[in-house]
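> The structure is given below, and queries will be raised subsequently.
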Number of protein chains: 2
Amino acid sequence: MTQLEYARKGEITPEMEYVAKTENIDVEKLRKNIASGKVVIPKNVHNNTLPTGIGKDLHTKINANIGSSTEMEDINVELEKLDILLKYGADAVMDLSTGPKLHEIRKAIRDKTNIPLGTVPIYEAGVETTSQDKIIVDMDDDIIFKTIINQAKEGVDFITVHCGITQDAIKAVDDSERLMGIVSRGGALTAAWIMHNERENPLYAEYDYLLEICKEHDVTLSLGDGLRPGCIHDATDIAQIRELTTLGRLVKRSQKAGVQVMVEGPGHVPITQVKANMQIQKTICSDAPFYVLGPLVTDVAPGYDHITAAIGASIAGASGADFLCYVTPAEHLCIPNKEHVKQGVIASKIAAEVSDIAKQIPSTMKREYDMAVARDNFDWEKQFELAIDGETARKYYESTSTSDEEMCSMCGDFCAIKMVKDHEKANKN
Amino acid sequence: MTQLEYARKGEITPEMEYVAKTENIDVEKLRKNIASGKVVIPKNVHNNTLPTGIGKDLHTKINANIGSSTEMEDINVELEKLDILLKYGADAVMDLSTGPKLHEIRKAIRDKTNIPLGTVPIYEAGVETTSQDKIIVDMDDDIIFKTIINQAKEGVDFITVHCGITQDAIKAVDDSERLMGIVSRGGALTAAWIMHNERENPLYAEYDYLLEICKEHDVTLSLGDGLRPGCIHDATDIAQIRELTTLGRLVKRSQKAGVQVMVEGPGHVPITQVKANMQIQKTICSDAPFYVLGPLVTDVAPGYDHITAAIGASIAGASGADFLCYVTPAEHLCIPNKEHVKQGVIASKIAAEVSDIAKQIPSTMKREYDMAVARDNFDWEKQFELAIDGETARKYYESTSTSDEEMCSMCGDFCAIKMVKDHEKANKN
């Protein structure tokens, strides 16, 4: 049975207990949110995954993508990236490998961590197809579903499936004034498949079969937004929102079938449209957890898209998004290296913290409070302990020596906090 | 005469012509916005400053702070920082030096650039006082005004003055439940002075004299928010807003006197309160240009406050802020080095771009459009040219070689753009 089915039956699972405890919320309230589809716990029945709740009333979670491409494949590099994303606090990891050794890489990742693991199965199906000397769009329906079944048996916790890319969706793109068409990898592959084969997307046409597989292994569906806008110009257009309405229908079918489901969101979106995107996703998709990729709020900062994404993700999270996919400085340019992964995770953790302040999560408010007190007290050790990246903060602080521990080199004798404190001390004497 | 006085008289100055041309807006519309105090052009009459408009209907501008502290003073380092902030496109620079050689440093900065130069004169007055072997709070009223007059004669274009720190404001802080009291350097110095001398702030008591000086040299006032919140907990409290109402009154007096004026804003503010802060500043301060310091939307990311500030500044700019003060990764930890300055300027430029998309500035929309087209065409050179930091983007792109120019190592053969394009090509054949 899935966590959703247990919750519906009124049963509290050990996973729910664990999540309620770590989040410090009432387990019955959590169970109700799972039962109504507002929270998911992506945990494959075959795997000892750390129970992690995503959705209403919980901390905003972040995901980090790693994985090889045909151009860059090194299992050790991927495992080093995994170490880094774990060190800086990613809550989930997606293995997006598309190189020939993807099985080996996924197994190594699964063996090394128990945080929820996600994939995009159509990538593996694509690699499998090309390894048979076929072109990618000649992929069999069978390969797609076999890949999903195998991954489910292997213990993958959540999968991105682009079920919303349909013949109707492709027509919506053709009719649109988009500059960039389809920019989602899985979305583009699916669209190319549909056009080449002149048939409906198997993951849409055979959605009930997909639900059956996911239900058996409690694999959480992450409905991909294949038509997410690829640039500011294309944001929130008919094609994007039409696909969203399809996803909304699929959410209802998934929840009805007892399969946990979340929905993925844009993309490249102007800052003025981010909140509206979050609100309509929640209404259209029955308040299913929203998993956002960015949103990136400008296109002109390649090399710094961890920042453009942190801006969008902060507003998204504050407006109700539950799960943030990190974006690294390498986005749009190259496969991320270890430093990029670190920067991506940290920027995403910042966005999650900012969101959780908006959500008034008690432990987040306490952390902010404690930091303010530590700063006021010149308690540097406490500041480094509370910081998202205390090592870097310490390195900067220690880079310049000062004559007095009660200050730093930034303001020197002109330290504001010290001036007022010194005056208060003088008054007391 | 000041730009404001000319505008009121209906005269269009060469500075207005220049700004209208560079911003591509109607000069008469600009003149009206200057006349009503919604736009300022900080340009000292003694200096050949590049005319730069800040305010309504104009591009969002960014300022970078440099300068020594008592703990770190090296004129060459400051000039190297200046080169960097100019390279990455800062629109204005503030010299916040508080070391003994501050005159020399300011002169060197003034000689090397013609972008608007700002200062906080009370820092120099403080250095002058301590150099006379007095404690800083024994500063004479005379020294304060003499410093301002000298700086005005030297060609400083805008000055931050903490006129809103009054006996009433200090009482508001004493009555408050703030964790961090006063964290503005100039604000704390002024508060300590008031408490020590048991007298009203000379910059408030003698505000008309201050206006007289500024009018003579057309120095733009930047009314400092001495009570800006120093942590999330302290945001948007009675003390902060009470000071803002004082600043609102001072704006009216300044505009009436023909002195250009802008207002500085918070500080540390939860994401949910940023927009409200912008809106009330505009209503309270007669739509004077708003110059924001951050806002920082979380306290727990020391080492990454350029990101926390970019998040706050993007929302601030999108909600009407006109001028963004950069924050570097060194904030709260040490005096920024050259790399910190670079990162600070770039993060701030991103926030300005995001804001200008919200403001629908035509040249900004065109840049975003052109980037999308370049990306869709795999036109890497054009992408690097349009990027905020094309050098870094190129470095990342070139860090991994690919077998085909029409892709990058991120997705390799799974490039979404390429898959759809290849299909379209195949269809045409």
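The values are calculated or read from the model by the stated rules, or taken from the named source; none is laboratory data. Keep in mind that what you see is a predicted model, and the values were worked out from it rather than measured. Glycine gets a Cβ as well: all are built from the backbone with ideal geometry, and neighbour counts include every protein chain shown.
> Quick one: B:Gly186 ticks every box in (1) surrounded by fewer than 23 Cβ atoms within 10 Å (Cβ to Cβ); (2) at pLDDT below 95; (3) small (Gly, Ala, Ser) except a single one, so which number is it?
(1)
> If you don't mind, there's one more thing I want to ask. Considering only region B:107-139, state which residues are without any contact (Cβ under 8 Å) to a residue 24 or more places away in the chain and either hydroxyl-bearing (Ser, Thr, Tyr) or closer than 27 Å to B:Met195 by Cα (or both). Explain how you work it out, then say what you get.
As a first pass, look at region B:107-139 and keep what is without any contact (Cβ under 8 Å) to a residue 24 or more places away in the chain: B:111, B:125, B:128-130, B:132-135.
Result: B:Ala125, B:Glu128, B:Thr129, B:Thr130, B:Gln132, B:Asp133, B:Lys134, B:Ile135.
> Hey, another quick one. Against the definition (touching a residue at least 12 places away in the same chain (Cβ under 8 Å), farther than 30 Å from A:Asn48 by Cβ and crowded, with 20+ Cβ neighbours inside 10 Å), how does A:Gly226 come out, yes or no?
Numbers: touching a residue at least 12 places away in the same chain (Cβ under 8 Å): yes; farther than 30 Å from A:Asn48 by Cβ: yes; crowded, with 20+ Cβ neighbours inside 10 Å: yes.
So A:Gly226 passes the test.
> If a residue has to be in a loop (DSSP other than H, G, I, E, B) and in contact (Cβ under 8 Å) with a residue 12 or more places away in the chain to count, how many in region B:185-202 make the cut? Walk me through how you get there before you give the answer.
At the first step, the residues of region B:185-202 found to be in a loop (DSSP other than H, G, I, E, B) are B:198-201.
Checking the rest, the ones that are also in contact (Cβ under 8 Å) with a residue 12 or more places away in the chain come to B:200-201.
Residues meeting the conditions: 2.
> Here's another thing I want to ask about it. Looking at region B:223-239, is at least one residue more than 14 Å from every other protein chain (Cβ to nearest Cβ), over 30 Å from A:Val354 (Cα atoms) and in contact with a strand residue (DSSP E or B) (Cβ under 9 Å, 6 or more places away or on another chain)? Spell out the reasoning first.
Of the residues in region B:223-239, the ones more than 14 Å from every other protein chain (Cβ to nearest Cβ) are B:223, B:238.
Those still in the list that are over 30 Å from A:Val354 (Cα atoms) too: none.
No; the residues of region B:223-239 include none that is more than 14 Å from every other protein chain (Cβ to nearest Cβ), over 30 Å from A:Val354 (Cα atoms) and in contact with a strand residue (DSSP E or B) (Cβ under 9 Å, 6 or more places away or on another chain).
Every residue, every condition in (1) more than 8 Å from every other protein chain (Cβ to nearest Cβ); (2) surrounded by fewer than 19 Cβ atoms within 10 Å (Cβ to Cβ); (3) modelled with pLDDT under 95; (4) under 26 Å from B:Ile346 (Cβ atoms), yes or no:
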residue: B:Glu381; (1), (2), (3), (4): yes, yes, no, yes
residue: B:Ala387; (1), (2), (3), (4): no, no, no, yes
residue: B:Ser409; (1), (2), (3), (4): no, no, yes, yes
residue: B:Val420; (1), (2), (3), (4): no, no, yes, no
residue: B:His423; (1), (2), (3), (4): no, yes, yes, no
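> So for region B:121-131 (the condition being aromatic (Phe, Trp, Tyr) and farther than 20 Å from B:Lys342 by Cα), does at least one residue qualify? Walk me through how you get there before you give the answer.
Of all residues in region B:121-131, those aromatic (Phe, Trp, Tyr) come to B:123.
Add one more test, that the residue is farther than 20 Å from B:Lys342 by Cα, and what stays is B:123.
For region B:121-131, residues aromatic (Phe, Trp, Tyr) and farther than 20 Å from B:Lys342 by Cα: present.
> (1) part of a loop (DSSP other than H, G, I, E, B); (2) away from every other protein chain (no Cβ under 11 Å); (3) out of contact with any helix residue (DSSP H, G or I) (no Cβ under 6 Å at 6 or more places or on another chain): which one isn't true of B:Ile335, the others all being true?
Checking B:Ile335 against (1) part of a loop (DSSP other than H, G, I, E, B); (2) away from every other protein chain (no Cβ under 11 Å); (3) out of contact with any helix residue (DSSP H, G or I) (no Cβ under 6 Å at 6 or more places or on another chain), the one that fails is (2).
> Looking only at region A:236-244, decide whether some residue is under 23 Å from the mean Cα position of the chain (by Cα), within 24 Å of A:Ile115 (Cα to Cα) and either surrounded by fewer than 23 Cβ atoms within 10 Å (Cβ to Cβ) or assigned by TED's automatic domain parsing to the domain that holds A:Ile135 (or both).
no
> Considering only residues that are among the small types (Gly, Ala, Ser) and either part of a loop (DSSP other than H, G, I, E, B) or without any contact (Cβ under 8 Å) to a residue 40 or more places away in the chain (or both), look in region A:140-179 and name the one that is surrounded by the fewest Cβ atoms within 10 Å (Cβ to Cβ). Walk me through how you get there before you give the answer.
Of all residues in region A:140-179, those among the small types (Gly, Ala, Ser) come to A:152, A:155, A:164, A:169, A:172, A:176.
Imposing the further condition that a residue be either part of a loop (DSSP other than H, G, I, E, B) or without any contact (Cβ under 8 Å) to a residue 40 or more places away in the chain (or both) reduces the set to A:155, A:164, A:176.
On the way: A:Gly155: 20, A:Gly164: 28, A:Ser176: 16.
Looking at the filtered set, the residue picked out is A:Ser176.
> So, one more: Out of A:Asp370, A:Asp322, A:Asp356, A:Asp376, report the one residue that is at negative phi and facing another protein chain (nearest Cβ under 7 Å).
Details: A:Asp370 fails: facing another protein chain (nearest Cβ under 7 Å); A:Asp322 fails: facing another protein chain (nearest Cβ under 7 Å); A:Asp356 fails: facing another protein chain (nearest Cβ under 7 Å).
Result: A:Asp376 is the single residue among A:Asp370, A:Asp322, A:Asp356, A:Asp376 that is at negative phi and facing another protein chain (nearest Cβ under 7 Å).
> Let me ask something additional. For the condition more than 11 Å from chain B (Cβ to nearest Cβ) and either surrounded by fewer than 24 Cβ atoms within 10 Å (Cβ to Cβ) or in a helix (DSSP H, G or I) (or both), what is the one hit in A:Gly344, A:Gly312? Let's see the steps before the verdict.
On the way: A:Gly312 fails: more than 11 Å from chain B (Cβ to nearest Cβ).
After applying the criteria, what remains is A:Gly344.
> For region B:9-23, which positions are over 23 Å from the mean Cα position of the chain (by Cα) and surrounded by 18 or more Cβ atoms within 10 Å (Cβ to Cβ)?
The answer is B:Thr13, and nothing else.
> Still on this model: Conditions first: (1) surrounded by 20 or more Cβ atoms within 10 Å (Cβ to Cβ); (2) part of a helix (DSSP H, G or I); (3) within 10 Å of another protein chain (Cβ to nearest Cβ). A:Gly303 passes all but one, so which condition is the exception?
Evaluating A:Gly303 over (1) surrounded by 20 or more Cβ atoms within 10 Å (Cβ to Cβ); (2) part of a helix (DSSP H, G or I); (3) within 10 Å of another protein chain (Cβ to nearest Cβ) leaves (2) as the failure.
> Just checking, how many residues over region A:121-139 are farther than 18 Å from A:Lys101 by Cβ, outside any loop (DSSP other than H, G, I, E, B) and more than 29 Å from the chain's Cα centre (by Cα)?
Summing the residues that are farther than 18 Å from A:Lys101 by Cβ, outside any loop (DSSP other than H, G, I, E, B) and more than 29 Å from the chain's Cα centre (by Cα) in region A:121-139 gives 1.
> Now, a different point. Regarding region A:254-267, can at least one residue be identified that is touching a residue at least 24 places away in the same chain (Cβ under 8 Å) and either closer than 21 Å to B:Asp376 by Cβ or within 14 Å of chain B (Cβ to nearest Cβ) (or both)?
So the first thing to find is which residues in region A:254-267 are touching a residue at least 24 places away in the same chain (Cβ under 8 Å), and the list is A:254-255, A:257-267.
Still in the list and also either closer than 21 Å to B:Asp376 by Cβ or within 14 Å of chain B (Cβ to nearest Cβ) (or both): A:266-267.
The answer is yes; a qualifying residue exists.
> Also, I was wondering about something else. Name the single residue, out of those in region B:70-98 being without any contact (Cβ under 8 Å) to a residue 60 or more places away in the chain and among the β-branched types (Val, Ile, Thr), that is farthest from B:Asn114 (Cα to Cα).
This residue is B:Thr70.
> Could you say which residue among B:Gly67, B:Gly53 is in contact with a Leu (Cβ under 8 Å, 6 or more places away or on another chain), in the same structural domain as B:Asp95 (by TED's automatic domain parsing), closer than 20 Å to B:Ser286 by Cα and in contact (Cβ under 8 Å) with a residue 12 or more places away in the chain?
Testing whether each residue is in contact with a Leu (Cβ under 8 Å, 6 or more places away or on another chain), in the same structural domain as B:Asp95 (by TED's automatic domain parsing), closer than 20 Å to B:Ser286 by Cα and in contact (Cβ under 8 Å) with a residue 12 or more places away in the chain leaves just B:Gly53.
> Across region B:271-300, which residue is farthest from A:Glu368 (Cα to Cα) among those that are facing another protein chain (nearest Cβ under 9 Å) and among the hydroxyl-bearing types (Ser, Thr, Tyr)? Lay out the reasoning, then the answer.
Here is the first cut: in region B:271-300, the ones facing another protein chain (nearest Cβ under 9 Å) are B:271-272, B:297-300.
Adding the requirement that they be among the hydroxyl-bearing types (Ser, Thr, Tyr) leaves B:272, B:298.
On the way: B:Thr272: 15, B:Thr298: 7 Å.
Out of the qualifying residues, it is B:Thr272.
> On to the next question. Residues in region A:209-265 that are among the β-branched types (Val, Ile, Thr) and within 30 Å of A:Asn47 (Cα to Cα): how many? Step through it out loud before you land on a result.
Pass one, region A:209-265, residues among the β-branched types (Val, Ile, Thr): A:213, A:219-220, A:232, A:236, A:238, A:241, A:245-246, A:251, A:259, A:261, A:263.
Remaining after also requiring within 30 Å of A:Asn47 (Cα to Cα): A:213, A:219-220, A:251, A:259, A:261, A:263.
The total comes to 7.
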